[in-house]
């Protein structure tokens with residue numbers, strides 16, 4: 001019994017990143033729902049788990065963690081022999097994987113999250129999309145995806161020859177964007193388009209999409 | 001074979017890696033990239049980093065970019081020498097270092113980076129700083145520092161009672177931030193101030209600081 005708990009919800013991109021990792025590793029866990037509309041992520045109880053008041057928060061026995069990319073890395077290392085390998089034992093391959101997880105964090109996500117908020121989240125909350133912001137960040141995302149197009153012409157996945165955390169970290173925001181006008185940026189780049197189709201077809205990811213549809 | 005680091009001493013992101021190399025007592029060669037002559041846009045440089053940014057590390061057959069990936073690589077490869085930055089012998093400590101390096105990356109950096117860019121980066125290009133951008137990000141930075149103040153009242157450093165990569169990653173941008181008019185954000189928070197004074201007393205960070213000369217002629 002691993003005693004893994006994830007405090008969050010399936011709609012959150014950061015929480016989904018962690019859930020995808022747990023499913024890839026075939027790990028048992030409990031999802032503790034956090035009702036963000038009711039401000040549950042700002043309560044004292046939750047702030048004790050994540051002082052930044054953001055989902056997800058994570059527990060594995062006595063260990064308490066936050067920041068989705070720290071959690072996924074912990075899971076991938078601690079449970080390396082289980083399920084899908086998400087990191088590489090070879091140190092040079094691991095270094096390359098680490099480069100592309102940083103690219104996701106520093107280059108892809110700032111633009112992709114902004115677009116996800118404007119085009120996918122705001123409509124869900126009944127708010128108005130700011131199309132000037134959309135235009136600005138689609139331009140930024142396009143530059144990043146040009147680099148990805150070249151990279152994916154040389155390497156089957158971003159992190160290397162196999163699916164890894166570097167690819168997985170992109171799943172939640174990419175999935176949302178493929179349901180918006182921004183999908184054109186992915187579809188017009190053949191290598192990127194093939195990569196998106198591949199990673200979003202993974203059974204672990206499909207489980208999360210299915211969970212969203214039943215909650 | 002000696003590591004080659006392509007970058008500039010004044011650059012925050014280059015300094016992040018240099019700090020790590022000094023902490024680990026690792027020898028390296030700094031290969032200067034002339035940003036003013038757009039050396040970072042040359043095909044030979046783009047072949048190393050398709051985003052055209054410094055720093056880039058070459059170690060034998062591999063080429064790495066993104067400063068935090070490089071510093072993690074150095075901290076891991078040389079984990080048996082110099083300062084222990086990643087706490088590899090303790091699962092819990094290693095995981096907490098990862099949490100607080102992500103905090104720097106996802107919470108601290110997005111607030112402090114625009115301030116440094118507006119205050120130092122724009123004048124170098126002959127542009128006017130946008131005070132509205134600075135003000136908005138000072139508000140964000142204060143909220144992050146409030147969390148740090150609480151955390152540092154219960155642990156000596158960010159990830160625990162041990163110095164780690166998580167603290168080191170804060171050095172370059174904070175160093176320049178203390179040369180702006182808004183250093184009180186650090187100095188008015190007693191635990192944050194004590195933490196900052198502690199880490200900046202480290203020989204490795206003093207060595208890096210010698211090359212970080214932005215703001216000295218302003």
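How do A:84-94, B:119-129 rank on mean C-beta neighbours within 10 Å, highest first?
Result, highest mean first: A:84-94, B:119-129.
In whole angstrom, how far apart do the alpha carbon centroids of region A:181-201 and region B:26-57 sit?
Using only Cα atoms to place each centre, the spacing works out to 30 Å.
Using the reciprocal of the averaged 1/r over all distinct C-alpha pairs, how large is the Kirkwood radius of region A:58-136 in Å?
Numbers: mean 1/r = 0.0652 Å⁻¹.
The Cα-based Kirkwood calculation yields 15.3 Å.
Report the Cα centroid-to-centroid distance between region B:148-162 and region B:71-100 in angstrom, as an integer.
Computed from Cα coordinates, the inter-centre distance equals 17 Å.
Using only alpha carbon pairs under 8 Å that are at least six residues apart, calculate the relative contact order of chain A and give it in whole percent.
22 percent
In what sequence do A:12, A:68 fall when counting other Cβ within 10 Å, fewest first?
Least to most surrounded, the residues fall as A:12, A:68.
How big is the antiparallel share of DSSP beta bridges in region B:1-80, given as a percent to the nearest 5?
60 percent
Run the helix sum for chain A: -39,500 (n - 2.57) per DSSP H stretch of 4+ residues, divided by residue count, reported at 222 nm to the nearest 500 deg cm²/dmol. Could the numbers behind the result be given before it?
Numbers: 12 runs with 115 residues, N = 215.
The helix-only estimate for chain A comes to -15500 deg cm²/dmol at 222 nm.
Would you mind computing, in nm to one decimal, how far apart the modelled labels at residue A:32 and residue B:27 are, each placed 7 Å from Cα along Cα→Cβ?
5.2 nm
How many Cβ atoms of partner chains, on average, are near each residue of B:63-76 if near means within 10 Å of its Cβ? Mind dumping the intermediate values first?
Working: counts 3, 6, 4, 10, 2, 6, 11, 4, 1, 6, 7, 1, 0, 4.
Taking the mean over all residues of the peptide, I get 5.
What is the antiparallel percent of DSSP beta bridges lying wholly in chain B, to the nearest 5?
Among the beta bridges of chain B, antiparallel pairing accounts for roughly 60 percent.
Would you mind giving the mean number of other chain beta-carbons within 10 Å of the Cβ of each residue in A:92-102, as a whole number?
Per residue, the number of nearby Cβ atoms from other chains is 6 on average.
Starting from the alpha-carbon convex hull of chain A, give the projected area averaged over all orientations, in nm².
Result: a mean projected hull area of 12.0 nm².
Which residues does a label at residue B:41 reach in region A:115-156, if reach means a backbone N under 15 Å from a point 7 Å past the Cα toward the Cβ?
Output list for this probe position: empty.
Give me the mean projected area, in nm² to one decimal, of the convex hull enclosing the Cα positions of region A:91-206.
Computing the convex hull of the Cα atoms and averaging its projections yields 7.1 nm².
Quick check: pseudo-label points 7 Å beyond the Cα along Cα→Cβ at residue B:200 and residue B:138, how many nm apart are they?
Between residue B:200 and residue B:138, the label points sit 1.8 nm apart.
Pop the C-beta distance of residue A:62 and residue B:127 into the FRET formula with R0 = 41 Å and round what comes out to the nearest 0.05.
Once the sixth-power term is evaluated, E becomes 0.20.
If you build the convex hull over the alpha carbons only and average its shadow over all orientations, what do you get for the protein assembly as shown? Give it in nm² to one decimal.
20.6 nm²
Output the antiparallel fraction of DSSP beta bridges having both residues in the protein assembly as shown, as a percent to the nearest 5.
Values: 15 of 24 bridges.
Restricted to the protein assembly as shown, the bridges split so that about 60 percent are antiparallel.
At q = 0.18, 0.25 Å⁻¹, what log₁₀ I(q)/I(0) does a Debye calculation on the Cα points of region A:4-85 give, no solvent, two decimals?
-0.67, -1.22
How many nm separate the modelled label positions at residue A:200 and residue A:183, each set 7 Å beyond the Cα in the direction of the Cβ?
Between residue A:200 and residue A:183, the label points sit 0.6 nm apart.
Most fluctuating residue of A:55, A:192, A:99 in a GNM of chain A with Cα springs under 10 Å: which is it?
Ranking A:55, A:192, A:99 by mean-square fluctuation puts A:99 first.
To the nearest 500 deg cm²/dmol, what mean residue ellipticity at 222 nm is calculated for chain B from DSSP H runs of n ≥ 4 alone, each contributing -39,500 (n - 2.57), summed and divided by the residues?
About -13000 deg cm²/dmol.
Would you look at the GNM of chain A, springs on alpha carbons closer than 10 Å, and say which of A:147, A:134, A:103 moves the most?
A:147
How far is the Cα center of region A:1-66 from the Cα center of region A:89-111, in Å?
The distance from the Cα centre of region A:1-66 to that of region A:89-111 comes to 23 Å.
Since every read-out is calculated from the coordinates, none of them should be taken as a lab result. If you're wondering where the values come from, they're calculated on a predicted model, not measured in any experiment. Positions of Cβ are generated from backbone atoms using ideal geometry, with glycine treated the same way; all protein chains shown enter the neighbour counts.
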